[in-house]
1. Are there GluC sites (Glu not before Pro) in the stretch 135-220 that DSSP puts in a loop and that have at most 16 other Cβ atoms within 10 Å, and which ones?
2. Could you point to the residue in Thr192, Asn163, Gln153 farthest towards the positive end of the stretch 151-212's charge dipole, with +1 and -1 charges on the Cβ of Lys/Arg and Asp/Glu respectively?
3. If you wrap a convex hull around the Cα atoms of the stretch 130-183, how much volume per residue is inside, in Å³?
4. Return the lysines within reach of Lys172: Cα separation strictly under 19 angstrom, same-chain partners fewer than 8 residues apart disregarded; answer none if there are no such residues.
5. Given the Cα-Cα distance of Leu122 and Leu22 and 0.36 nm per residue of separation, how much length would full extension add, in nm?
6. In whole Hz, what ³J(HN,Hα) sequence does the stretch 246-263 give by Karplus (6.51, -1.76, 1.60; θ = phi - 60°), x for Gly and Pro?
7. Based on the Cβ-Cβ distance of His273 and Glu223, what FRET efficiency does E = 1/(1 + (r/R0)^6) give at R0 = 22 Å, to the nearest 0.05?
8. Tell me, what is the per residue accessible area of the stretch 100-205 in Å², probe radius 1.4 Å?
Amino acid sequence: MNYLEIIQKQVTAMAADFVATLPQILIAMIVLVLTWGIARFISRLARKAVERARLRESLKQLVQTMVRLGVWLVGLLIAAAIVLPGFTPGSAIAGLGIGALAIGFAFQDIFENFLAGILIMLRDKMRIGDLIEVEGVLGKVEKITLRETHVRQLSNELTIMPNSFLFKNPVKILTDDTIRRNDLIVGVAYDTDLEMAERVILDAMGTVDAIVSDRPVVVYAQEFGASSIDFLVQWYAQSASRDLRKTKAEAIKAIKKALDEAGIEIPFPYITHTFKEPVSLAPMVSAN
């Protein structure tokens with residue numbers, strides 16, 4: 001057998017088939033270009049429609065993404081039917097067989113993040129702009145896609161998290177309500193009149209403007225510390241309008257000023273040295 005002749009005939013037949021299908025390939029490419037334009041146009045229409053419905057930003061992005069995916073799915077099926085005349089969606093599903101199972105295992109993480117992204121966008125909590133904390137990452141939600149979520153940390157670093165990570169782990173939403181509680185430990189000397197110290201701290205907290213007036217300020221003596229009796233001070237402040245760290249700084253300044261004016265000591269740690277044997281305090285002899 002002349003193997004070179006057989007190979008030559010096969011290559012010639014393949015080239016002829018490719019040339020014969022060039023018109024179909026060209027039409028399929030035109031369909032894909034039209035699909036890209038139609039997807040952008042319909043996505044904009046969907047954006048305008050959801051803006052009129054006053055949906056939250058994550059749902060707007062979900063609607064846009066699903067509309068775009070739907071248009072692309074239809075376009076790809078039409079292009080495949082043009083290139084392969086015998087192609088139908090039913091035959092494609094039937095032909096996948098075990099291959100679909102292998103693809104499912106290979107793209108398990110992608111599908112997991114995709115479904116988690118849809119569920120995150122559908123739920124009412126954790127909107128774009130919320131301040132969240134998850135597994136040590138503290139920042140503001142900038143963007144939610146079907147694959148990942150962008151979190152801008154307070155240090156201005158951008159952290160990109162897979163949606164499945166956010167869906168599986170506890171997420172602390174710090175701006176779920178406009179009011180948040182904050183607390184502070186204040187220590188006073190052991191010889192202090194504790195009732196007087198409590199009144200002084202309460203009066204000082206009343207001078208902090210950011211504290212919510214309709215929520216009580218709590219001052220409790222908590223424990224006997226190493227060098228002081230410690231008070232726990234708790235208050236509520238607006239979380240959306242200002243940085244809570246600034247409110248805490250104002251509270252510390254007000255308490256320190258009030259305690260100083262009242263003559264109440266804020267002690268630093270005292271150290272007591274104990275010697276098992278007597279220590280003689282002999283005068284130092286000069287080297288001269």
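The values are calculated or read from the model by the stated rules, or taken from the named source; none is laboratory data. Note that the coordinates shown come from a computational prediction; the quantities given were computed from them, not determined experimentally. Glycine also receives a Cβ, built like all others from the backbone with ideal geometry; neighbour counts cover every protein chain displayed. Quick note on the areas: whole protein, heavy atoms, side chains included, nothing else; ligands and nucleic acids left out. Shrake-Rupley method; radii C 1.70, N 1.55, O 1.52, S 1.80 Å.
1. For GluC sites (Glu not before Pro) across the stretch 135-220 that sit outside H, G, I, E and B with at most 16 neighbouring Cβ atoms in 10 Å, the list reads Glu135, Glu157.
2. In the stretch 151-212, that residue is Asn163.
3. Each residue corresponds to 92 Å³ of Cα convex hull volume.
4. Result set, ordered by chain and number: Lys125, Lys140, Lys143.
5. So the extension gain works out to 31.6 nm.
6. 5, 4, 5, 4, 5, 5, 4, 4, 5, 5, 4, 5, 5, 5, 5, 5, 7, x
7. Calculated value: 0.35.
8. Accessible area per residue, the stretch 100-205: 58 Å².
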